[in-house]
Amino acid sequence: MKKTNRLMAMALAGVMAFSLAGCSSKPAETTAAAAETTAASETAEAKEKEEATTAAVAADGKLFKIGVIQLVQHEALDSANKGFFAALDDAGIEYEADQQNASGEQANCLTIAEKLVNDGNDLILAIATPAAQAVAGVTEDIPILLTAVTDPAASGLVSDNAKPGVNVSGTSDLTPVKEQIELLQQLLPDAKHIGLLYCSAESNSELQIAMAKEACDAAGITYEEYTVPSSNEIQSVVESMVGKVDAIYTPTDNTMAAGMATVAMVANDNKIPTICGEAGMVNAGGFVTYGIDYYQLGYLAGEQAIDILVNGADIKEIPIGYLPAERCELTVNKTTADILGIDISGLENAVVVE
């Protein structure tokens with residue numbers, strides 16, 4: 001699969017065009033208008049500083065108990081976790097965090113959820129869809145902020161993403177699936193048949209795979225689904241793809257992310273490029289992604305927590321938050337590219353990992 005610098009440069013241009021879509025600038029029509037805009041900006045900035053100060057004062061002397069239920073340990077979810085508490089730290093919030101990890105087991109999620117509710121936490125952070133579903137099923141009173149959940153409404157966690165209507169809100173990690181398939185097509189024009197790899201137990205993955213199918217149909221790419229019920233089957237399923245697919249696409253699937261080293265071992269040894277849902281999977285050996293920053297996603301959820309704990313915001317009215325498309329980054333693994341024999345020298349502005 002030899003690729004020229006020109007092809008890679010064109011691919012980067014296409015991806016960057018997506019990230020810049022909708023961005024434009026206008027010169028001020030008059031000096032008076034410019035002055036008015038500047039004054040408005042300064043007023044808004046002053047208001048933000050005042051609100052931040054008020055929040056810090058209101059929280060002074062108050063120690064909040066925050067329970068955390070995280071589905072599994074992998075780079076993306078860990079980053080969201082860190083980002084959440086970084087937001088609280090930046091606001092000067094005092095808290096006591098009870099960090100609990102379910103190690104990828106659904107049964108553990110329910111046990112942890114019940115513990116966090118019984119402990120009387122002021123707020124619970126649920127990281128990933130199964131974790132959020134578990135804790136939402138055992139309390140209707142304690143505020144629950146989720147993060148790294150693709151579509152909370154479709155997963156039955158809220159009534160509506162724009163207005164939850166329940167004690168659950170947070171931030172969605174809905175990734176640009178269509179653009180990721182376009183990236184595959186741009187970087188691997190010879191890939192005509194791809195494998196869609198995901199865990200059948202994760203509803204968030206099913207949503208993304210449906211989007212990937214639609215994008216593949218539009219691009220004229222054929223596909224076949226390859227599912228695993230748990231991490232134990234990853235190696236055998238990926239091995240079954242050898243000789244049958246030109247490339248692999250795997251979304252922001254927690255099971256795949258946690259087992260990405262195994263996916264990469266088999267795929268790279270057999271010269272099968274893997275387009276991933278997020279950067280942590282590329283760091284673990286995948287080929288490339290165009291995805292969101294999970295630290296920033298968690299930070300956004302942390303800002304929601306501050307609004308709830310300090311300002312008394314009603315979680316039922318807080319819409320699900322999304323990171324804007326311009327915060328997506330093109331990330332490529334050089335070591336993997338070398339193994340695959342793909343030239344990435346044209347991707348000068350990409351985040352390159354080894």
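The values are calculated or read from the model by the stated rules, or taken from the named source; none is laboratory data. These figures come from a predicted structure and were not determined experimentally. With ideal geometry, Cβ positions are generated from the backbone for all residues, glycine too; neighbour counts draw on all protein chains shown.
A few notes on this one:
- Any chance LEU157 is of a type outside the set (Ser, Thr, Tyr), buried (at least 20 other Cβ atoms within 10 Å of the Cβ) and either assigned to a loop (DSSP other than H, G, I, E, B) or out of contact with any Ser or Thr (no Cβ under 8 Å at 6 or more places or on another chain) (or both): yes
- Scanning the range 74-127 for residues that are farther than 21 Å from GLY302 by Cα and either outside the structural domain of GLY312 (by TED's automatic domain parsing) or polar (S, T, N, Q) (or both) yields a count of 5.
- Of all residues assigned to the range 339-349, none qualifies as being closer than 30 Å to LEU63 by Cβ, part of a helix (DSSP H, G or I) and in contact (Cβ under 8 Å) with a residue 40 or more places away in the chain.
- Tabulated pairs, the range 147-161, first assigned by TED's automatic domain parsing to the domain that holds LYS316 and free of Cβ contacts under 8 Å to residues at least 40 places away in the same chain, second crowded, with 24+ Cβ neighbours inside 10 Å and of a type in the set (Ser, Thr, Tyr), C-beta under 8 angstrom, 6+ apart or interchain: LEU157/THR129
- Unique match (being closer than 16 Å to GLU179 by Cα, among the polar types (S, T, N, Q), in the same structural domain as SER205 (by TED's automatic domain parsing) and in contact with a strand residue (DSSP E or B) (Cβ under 6 Å, 6 or more places away or on another chain)) among THR274, THR252: THR274
- Unmet requirement for LEU309, which otherwise passes all of (1) touching a residue at least 40 places away in the same chain (Cβ under 8 Å); (2) buried (at least 19 other Cβ atoms within 10 Å of the Cβ); (3) not assigned by TED's automatic domain parsing to the domain that holds THR129: (3)
- Residues of the range 209-229 satisfying the condition of being among the hydroxyl-bearing types (Ser, Thr, Tyr) and under 21 Å from the mean Cα position of the chain (by Cα): THR227
- Of residues in the range 312-338 being free of Cβ contacts under 8 Å to residues at least 60 places away in the same chain and assigned to a loop (DSSP other than H, G, I, E, B), the one nearest to THR139 (Cα to Cα): ASP314
- The listed residue being buried (at least 24 other Cβ atoms within 10 Å of the Cβ), in contact with a strand residue (DSSP E or B) (Cβ under 9 Å, 6 or more places away or on another chain), modelled with pLDDT of 95 or more and farther than 22 Å from SER240 by Cα, out of GLY259, GLY302: GLY302
- Helices (runs of 4 or more DSSP H) enclosed by the range 27-143 - at least 3 residues per element that are modelled with pLDDT under 95 and among the small types (Gly, Ala, Ser): 31-59
- The number of residues in the range 220-271 being of a type in the set (Gly, Ala, Ser) and part of a strand (DSSP E or B) comes to 1.
- Residue, farthest from the chain's Cα centre (by Cα), within the range 184-208, restricted to residues that are crowded, with 24+ Cβ neighbours inside 10 Å and in a helix (DSSP H, G or I): LEU187
- Pair list, Cβ < 8 Å and 6+ apart or interchain, from the range 214-229 residues that are touching a residue at least 40 places away in the same chain (Cβ under 8 Å) to residues that are among the hydrophobic types (A, V, I, L, M, F, W, C) and surrounded by 12 or more Cβ atoms within 10 Å (Cβ to Cβ): ILE221/ILE181; ILE221/LEU184; ILE221/ALA191; ILE221/ILE194
- Residue in the range 268-276 that is within 16 Å of the chain's Cα centre (by Cα) and buried (at least 24 other Cβ atoms within 10 Å of the Cβ) present: yes
- Residue that is nearest to the chain's Cα centre (by Cα) [pool: residues in the range 277-300 that are hydrophobic (A, V, I, L, M, F, W, C), under 14 Å from LYS334 (Cα atoms) and not in a loop (DSSP other than H, G, I, E, B)]: ALA279
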